[in-house]
1. Quick one: which residues, 5+ away or cross-chain, put their amide H under 5 Å from the amide H of A:Ser179? H built at 1.01 Å from N.
2. Any chance you could check the Cα centroid distance between the stretch B:85-139 and the stretch B:208-261 for me, in angstrom?
3. I need to check one value: relative contact order of the stretch B:258-396, counting alpha carbon pairs closer than 8 Å and at least 6 residues apart, in percent.
4. Arranged from highest to lowest average of other beta-carbon atoms within 10 Å per residue, in what order do the peptides B:122-130, B:261-269 appear?
5. Taking a cut-off of 37 Å, what percent of all Cα-Cα pairs in the stretch A:9-298 are separated by more than that?
6. Can you sort B:Asp255, B:Asp205 by 1.4 Å-probe accessible area, starting with the largest?
7. Give a residue-ordered list of calculated ³J(HN,Hα) values for the stretch B:162-170 (Karplus: 6.51 cos²θ - 1.76 cosθ + 1.60, θ = phi - 60°; whole Hz; x for Gly, Pro).
8. Quick one: what are the phi-derived ³J(HN,Hα) couplings along the stretch B:351-363, Karplus 6.51/-1.76/1.60 with θ = phi - 60°, whole Hz, x for glycine and proline?
Amino acid sequence: MSVPLRKLSLKEYLLPGQASCPGCPATIGLRMIGKALGDNYVLVIPACCSTIIIGPYPNASSRVPVLHIGFAASASTASGIKAGFDALGKHGIQVVVWAGDGGTADIGMASLSGFAERNDDIIYICYDNEAYMNTGIQRSSATPIGAWTTTTWTGKVERKKDIPMIMAAHKIPYVATASIAYPLDFVAKVKKAASIRGAKYIHLHSPCPTGWKFPSNKTVEVGRLAVQTGMWPLYEIEHGVFKLSGVSKALVDKSKRRLIRDYLKLQGRFSKISDEQLSALQRYVDEIWEEIVLKLNGQRTPSTSS
Amino acid sequence: MVVVTEVLTGNYSVAHAVRLSRAQVIAAYPITPQTTIVEKIAQFVEGGEMNAKYMRVESEHSAMAACIGASATGARAFTATSSQGLLYMSELVWWAGLGKFPMVMAVVTRAMAPPWSIWSEHNDVLAHRDCGWVIFFAESNQEVLDLTIQSFRISEDERVIQPVMVSLDAFILSHTATPVSLPDQSDVDDFLPPLGSRRLPFILDPANPAAYGNLAYPKDFMEFRYEVARSMEHARDVIVEAGREYGKITGRYYDSLVEGYRCSDADVVLIGMGSSVGDAKDAVDMLRDKGYSVGVIKLRTLRPFPFDEIRDISRGKKFVGVVDRDFSFGFGGIGYGEVSSAIGGRVPVQGFIAGLGGRDITVKDYVAIGERLVDMADKGLEPMSPIWIDLKREVFK
């Protein structure tokens, strides 16, 4: 379902000269949103790395309007924008939230759940770099087991919070996972989200060279390994129907998954992972796939009415 | 001019004002004693009496965020809250003020917990004194309705472009029904700017992309603050202008940031805000009958603060008393501090603390306060630390 590369718009929506770190995954995501949606959208960005990437006053690196807002408030602000546009009869403008994992999975969780429950017609994209990168690599609830951060010096104990499934439990019309390493898949998912009315949630895995301690030319490679090892499955849940996408389709067969060690060894944040943490992480991946198999086998017949 | 008079609570007065002002986006979360405002508006919207998007958000923080988002599109936005709810949304109350997002919010004043209380106190509003909102305090339900309608005009005026808060006291106004005159819809339509016409401070428009709320380095930051400061100064004239224009359609003129009552010939003046000023006026009448020369100044706006008005009215008086339904621990009454800064030591100012957590401030209390001030003036006494009215001192023995 990926969009063919040759059909991707050549227009850039994130301008050169922006302030990201070298190898930043967020910039790949921001570029691809533009290529998926064209000119007619606005971005809502809470406190996160992209606050800086969009640039300091009086400059801006975005070719579409950006409303910056407080950390916990991106989903609710976007809902208000949508209501305002509707009240003014401006129905064609897409409202897109672009928020990090902290602003989504932690402090922004209540407003995220609120927008989903109200089924407000917004595309919410979480770019997940698995820690509070903008404040200096503190752990978030999206940080995986065993990862070093500046608040988990011996590796995080708890497992990564499963936000896409929490969003799916809200029974919104569209939930998808994506990775910056598979941009054409991401573009296709953003396009599909734009075609659906109601609440849409896309969780974009975004390997961060600065926070994960890998060379800045390895962002895409690390992202691919996250998917190929099964650490980050790519899927869509459209009107309740779960479907694996891209390379993840083959990974139901455990033998097709690459060893998670291959993924971890590229990243300094896992350099001191203990054997115990490693096996906990392996269990985490195995369980993700056991759940996926259960979903694929046990789900209801796709409804034609939805 | 078609005038309809209905018997309305303060909360229903807010709801009718919001309906008459044709607010386009309502986002609210319920909290006692604000609830009947948002219930009534929901009824207006669902009954087709109001054409608005009504957002039943999951918290006050999200209510304010939604109003900011709606305001950023150019739509007319409204919310209402109280006490804990106002403090919960506080981060974004600042965002709305500092970011110049026009909107109107009704705040039913209620004490902060602990201990839990649902009754009136002004500390919730006063904690938001400094965040770039025009702040009104209403004395009566009529004033609640009138100020709410005027607030939309003031908020959207190009010289102001700031959010506006209308404060009404819990239960004393919010749940007490009195006759209220409702202006004619067409008069309100003429009084307020046309819907969808606002372009300032910006509107989100993909055809004219820009980023709002970016990081500002120290070299640029102070100018953002000065812009809000300047808007708040402009608001002084805009409030008076709106109050005069409103008088033309309703006969009720609001042509000053303060209302003086029997002040011109008074030796001593009491200053207060909110619903209890009405009792102060009754007390002044009684004091006058007894031969005491006392007047009252009602602060209609807390922000912008009526420095000149207070200075003018208090000039030559023997004593000023400020009655605060609030307290700043380690300081005293907040209104006392503000009034003292306006008077600048030219007249002695005595602070009184009364009515915290909804304890009644009776006419009798005001009579006693007036008599005490006159006594202090006659004896040439110096002001003392704040006097707590109706405090059960035996509890502290």
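The values are calculated or read from the model by the stated rules, or taken from the named source; none is laboratory data. Since the model is a prediction, treat every value here as computed from it, not as a measurement. When we count neighbours, we look across all protein chains shown, and the Cβ atoms used for this are built from the backbone with ideal geometry, even at glycine. Note: accessible area is taken over every heavy atom of the protein model, side chains too, but ligands, DNA and RNA are not part of it. Shrake-Rupley method; radii C 1.70, N 1.55, O 1.52, S 1.80 Å.
1. A:Phe186, A:His205
2. With the stretch B:85-139 and the stretch B:208-261 each reduced to a Cα centre, they are spaced 17 Å.
3. On the way: 251 pairs, mean separation 38.2, N = 139.
About 27 percent, as a whole number.
4. Sorting B:122-130, B:261-269 by mean packing, highest first, produces B:122-130, B:261-269.
5. On the way: 3698 of 41905 pairs.
Counting every Cα pair in the stretch A:9-298, those more than 37 Å apart make up 9 percent.
6. Numbers: B:Asp255 80, B:Asp205 45 Å².
Putting B:Asp255, B:Asp205 in descending order of accessible area: B:Asp255, B:Asp205.
7. Using θ = phi - 60°, the values come out as 9, x, 10, 10, 10, 9, 9, 6, 4 Hz.
8. x, 10, 10, 8, x, 5, x, x, 4, 4, 9, 8, 4
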